[in-house]
1. Scan region 123-138 residue by residue and report those that are touching a helix residue (DSSP H, G or I) at 6+ places or on another chain (Cβ under 8 Å) and either modelled with pLDDT under 95 or under 16 Å from F308 (Cα atoms) (or both).
2. Within region 3-11, identify whether any single residue is without any contact (Cβ under 8 Å) to a residue 60 or more places away in the chain, surrounded by 21 or more Cβ atoms within 10 Å (Cβ to Cβ), closer than 26 Å to F356 by Cα and aromatic (F, W, Y), and answer yes or no.
3. Which of the residues spanning region 52-97 are basic (K, R) and buried (at least 21 other Cβ atoms within 10 Å of the Cβ)?
4. Could you tell me whether any residue of region 308-316 is assigned by the TED database to the domain that holds K83, open to solvent by 40 Å² or more (accessible area, probe 1.4 Å) and not in a loop (DSSP other than H, G, I, E, B)?
5. Quick one: count up the residues across region 224-238 that are assigned to a loop (DSSP other than H, G, I, E, B) and under 16 Å from Q188 (Cβ atoms).
6. With the requirement that a residue be under 21 Å from Q186 (Cβ atoms), outside any helix (DSSP H, G or I) and either over 23 Å from the mean Cα position of the chain (by Cα) or aromatic (F, W, Y) (or both), what does region 244-297 give you?
7. Collect the residues in region 58-87 that are touching a Ser or Thr at 6+ places or on another chain (Cβ under 9 Å) and at pLDDT below 95, keeping them in residue-number order.
8. Does region 195-229 hold any residues that are open to solvent by 10 Å² or more (accessible area, probe 1.4 Å), touching a residue at least 40 places away in the same chain (Cβ under 8 Å) and not charged (D, E, K, R), and which are they?
Amino acid sequence: MTHWFHRNPLKATAPVSFNLYGVASSPAANKICNDLRTTRARLLDMFTDTTCTPEIMKKSSDEYFALLQGFILPLDGTTQENKLRFIQNFRWTDTLQGNMASAQQDAVFELVSMAFNVAIWYTKFASRLAGKENVTEDEAKDVHKSLKIAAGIFKTLKETHIPRLITPAEKGRDLEPRVIDTYIVQSQAEAQEVAIARAIELKHNVSLIAALSFETANFYQKADHTLNTLDPECSSKWKKYLQLKQHFYMAYAHCYHGQTILAGDKCGEAIRSLQEAEKFYSRAEALCKEYRQMKGPGSTAKPSEQLFFKKLGTFIKNTLEKCQRENSFIYFHKVPAEAPALELKASYGLAEPSSFELPPLSAQCTPEVYASFDLTKGPKEDKAKAKHDEEIKPVKEADLKPQKDTGCVVS
């Protein structure tokens, strides 16, 4: 299902040489700087390598983060700040702000920015895998797992690492709460989409599918509302995607809830629930058209062109007609003016963010090597100011090539 998910662009960054000149005053210290430069460059290459797998991504990111922590963790036996934390300047763009970069002379800023990009990569890997022509069960599990890993990285950054920044994130930047919260919730919602697709494919209990759909729609609504106070110029397109997904899964919830009600011989209420599903589905179709016309960051998803989307419309129509026929022949129930309330709680299938931990500190980063970094021999302290006026070229990402849509429900 190519183009089922909306994806914002990867963050771009300026090259970092880690040339600390006289500061790295031993061969071991120089080696750490050289290895930081090469592992960083390798990790950045992996973000755009279409052959990169989650295993390769984890190995590449672990190698870099293990070394980078040598500039963050206290290594002199005290609880004082690592003397190398503020020695190197880092510049990164944001997923919603175009090519204008922000800069901080802080290794923690580099850690959270790079890890944020790793999380974005996992969402893009999931999207690419879901876009294959015939998604196997194992691949569907990988899509589900990758989205939960992404949610876990975003969540850990928000709760543990971003609060350590000396300079707080500016409004609309990736590291501020509204933006990162939206990424967390969207990743969870998309993981639940995989669970819903699986439940439909295996013909699980209709009440479970209704409840999961309702919970997923609520996730999308929460994500949409989180962006309400963000600048519309950079968030409107993203919000429209979240809204169309919310309405799509509300249509699913009402459709399957109608079947649950019908099983209890409440045909009038079932008809009203399916009429509500029809309304939400029509609104989702309209939102798809509005979304395609929106300008803003990110790739343009095309959910209304997917069989998974179209099948729901047909399913609602056929089920509603069946209920109406049954009612006119058997039940003769009055159709209520108000749709039955959705008071549904899913017991299974809810996607929790996977736990994320940084790798252990590299064995190269010993107290002895740390001591050989001599800040008195380097250039005088130069706390570089954020260079918002300097642009960084965007990351050149591979285009998703449309695959034949087989109607596979694993989205």
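1. Once the filter is applied, which keeps residues that are touching a helix residue (DSSP H, G or I) at 6+ places or on another chain (Cβ under 8 Å) and either modelled with pLDDT under 95 or under 16 Å from F308 (Cα atoms) (or both), region 123-138 yields L129, A130, K132, V135.
2. The answer is no; no qualifying residue exists.
3. Passing the criteria: only R91.
4. No, region 308-316 contains no residue that is assigned by the TED database to the domain that holds K83, open to solvent by 40 Å² or more (accessible area, probe 1.4 Å) and not in a loop (DSSP other than H, G, I, E, B).
5. The total comes to 1.
6. none
7. L75
8. Once the filter is applied, which keeps residues that are open to solvent by 10 Å² or more (accessible area, probe 1.4 Å), touching a residue at least 40 places away in the same chain (Cβ under 8 Å) and not charged (D, E, K, R), region 195-229 yields A195, I200, V206, S207, L208, F214, T226, T229.
The values are calculated or read from the model by the stated rules, or taken from the named source; none is laboratory data. In this text the structure is predicted, and so the values were computed from the model without any measurement. Heads up, the Cβs are rebuilt from the backbone with ideal geometry, glycines too, and the neighbour counts pull from every protein chain shown. Accessible surface is based on the protein model in full, side chains and every heavy atom, while ligands, DNA and RNA are left aside. Shrake-Rupley method; radii C 1.70, N 1.55, O 1.52, S 1.80 Å.
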